[in-house]
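Chemist: So that we are looking at the same thing, I have put the structure below in structure tokens.
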Amino acid sequence: MILDVDTGFDDAFAVLFAAMSKEINLLGITCVDGNTNVDQVVKNTLIVLDAAGAGEIPVAKGATRPLVEEPLYAEHIHGADGMGDLGLPESKRKIDSRSAIDLLRDLVEGSKEAVTLVPVAPLTNIANFITTYPESAKKLKEICLMGGSASVGNATAMAEFNIWHDPEAADIVFRSGIPITMYGLDVFYHPLVTESEAVQLQRSSNQSAQFAGKLLQACIKKLKQNVTLGDYGAVAAVLRPALLKTEVFDVGVEVAHGLVRGMTVVDRRPRLELMIEPRRIPGAARTNVVLDLDAKAFKDLWFTTVDSNWI
Ligand code: RIB
Ligand code: CA
């Protein structure tokens with residue numbers, strides 16, 4: 001598995017889990033501009049790997065901005081540093097000397113097994129990888145991405161942040177022909193954590209649990225509500241497909257500048273095959289869309305992996 005992140009707090013929950021899970025061979029992590037600038041994303045990602053007690057996992061810096069538009073960050077949610085402004089000490093880990101797309105190419109080409117790519121961020125790196133190294137990208141087993149929505153948006157009324165931040169990149173990824181599972185806003189907010197669970201984590205003897213608990217409690221205080229494990233769910237969706245309710249739909253990305261730029265248009269009409277071609281979304285991908293999941297099982301998997309003392 002390879003993660004592509006814009007480490008913000010919920011990317012941190014995904015990285016922590018993926019680095020600690022005994023079910024995952026985490027080959028590497030690529031960083032992209034999104035919740036905050038890509039240099040801060042790299043710093044945050046290295047801090048999370050320290051908290052996970054991870055070995056040498058290559059982390060590479062990717063795109064500093066979306067393909068077309070200027071970046072629009074999410075500090076109001078993730079804080080100025082992208083990770084709750086906790087003032088955590090910087091990591092001493094070094095980033096990989098390769099660019100994100102060169103690391104992606106090398107990891108995919110070097111893996112004996114087909115690789116699952118889990119982007120939980122704007123898709124700028126993934127689009128650049130597909131267009132620069134199409135032969136390597138075709139070797140991916142699947143892309144299980146956190147992004148999009150078959151219902152309403154969060155960044156805008158109809159657009160989810162990761163797609164909205166770089167719609168042109170998302171359009172390239174959805175049209176690529178690579179098998180895609182879309183873990184979107186329809187399930188993104190299901191695995192919610194309470195403040196008492198965050199406090200319980202901080203009482204653990206595991207440094208990973210203490211880190212996670214501190215981050216969770218900071219986010220709960222900032223957002224004044226229970227907090228979602230967010231991006232982690234896209235990683236768990238790869239491991240536990242039986243816990244998901246999914247359906248295959250035509251999905252297209254709106255790139256026109258207007259009210260719904262960045263929207264994933266999910267065609268949920270029945271019997272699409274009866275539709276004449278021009279009435280379907282042009283160039284749409286047949287995408288596996290996650291519509292529901294077992295939130296308690298998702299939470300239990302995360303807690304028991306991040307905190308070996310969790311009961
Ligand atoms: O819309 C939620 C997504 O946007 C998450 O990946 C979050 O980390 C932000 O990147
Ligand atoms: Ca993210």
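The values are calculated or read from the model by the stated rules, or taken from the named source; none is laboratory data. Predicted model, so just to flag it, every value in this text is computed and none were measured. Note that we place each Cβ from the backbone using ideal geometry, even for glycine, and neighbour counts take in every protein chain shown.
Chemist: Scan the stretch 187-205 and report the pairs whose first residue is over 10 Å from LEU216 (Cβ atoms) and whose second residue is of a type in the set (Asp, Glu), with Cβ atoms within less than 7 Å and a gap of 6+ or a chain change.
Modeler: Sorted first by the residue in the stretch 187-205, then by its partner, the pairs are VAL187/ASP292; SER204/ASP307.
Chemist: Only one of (1) touching a Lys or Arg at 6+ places or on another chain (Cβ under 8 Å); (2) in contact (Cβ under 8 Å) with a residue 60 or more places away in the chain; (3) not polar (S, T, N, Q) fails for VAL59. Which number is that?
Modeler: (2)
Residues are listed down the side, and each one gets a yes or a no for (1) of a type in the set (Lys, Arg); (2) surrounded by 21 or more Cβ atoms within 10 Å (Cβ to Cβ); (3) in contact with a helix residue (DSSP H, G or I) (Cβ under 8 Å, 6 or more places away or on another chain); (4) closer than 13 Å to GLY233 by Cβ:
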| position | (1), (2), (3), (4) |
| --- | --- |
| GLY147 | no, yes, yes, yes |
| SER151 | no, no, yes, no |
| PRO167 | no, yes, no, no |
| ALA170 | no, yes, yes, no |
| PRO179 | no, no, no, no |
| VAL187 | no, yes, yes, yes |
| LEU192 | no, no, yes, yes |
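Chemist: For the stretch 1-78, list the strands (runs of 3 or more DSSP E) that sit wholly inside it and hold at least 3 residues that are away from ligand 2 (no atom under 14 Å from the Cβ) and at pLDDT 95 or above; which are they?
Modeler: Ranges flagged: 59-61.
Chemist: Please pick out the residue among ALA18, ALA12 that is away from ligand 1 (no atom under 13 Å from the Cβ), in contact (Cβ under 8 Å) with a residue 24 or more places away in the chain and not basic (Lys, Arg).
Modeler: Result: ALA18 is the single residue among ALA18, ALA12 that is away from ligand 1 (no atom under 13 Å from the Cβ), in contact (Cβ under 8 Å) with a residue 24 or more places away in the chain and not basic (Lys, Arg).
Chemist: Restricting to the stretch 141-161, what's the tally of residues that are away from ligand 2 (no atom under 16 Å from the Cβ) and either free of Cβ contacts under 8 Å to residues at least 12 places away in the same chain or not small (Gly, Ala, Ser) (or both)? Talk me through it step by step, then tell me what you get.
Modeler: Initial filter on the stretch 141-161 (away from ligand 2 (no atom under 16 Å from the Cβ)): 141-142, 150-152, 156-158.
Then keep just the ones that are either free of Cβ contacts under 8 Å to residues at least 12 places away in the same chain or not small (Gly, Ala, Ser) (or both); that gives 141-142, 152, 156, 158.
So the answer is 5.
Chemist: Report, ordered by the first and then the second residue, all pairs with beta carbons closer than 6 Å, sequence separation of six or more or different chains, a first member in the stretch 29-52 that is closer than 16 Å to GLU90 by Cβ, and a second member that is away from ligand 1 (no atom under 12 Å from the Cβ) and aromatic (Phe, Trp, Tyr).
Modeler: Every condition considered, the pairs that remain are ALA51/PHE211.
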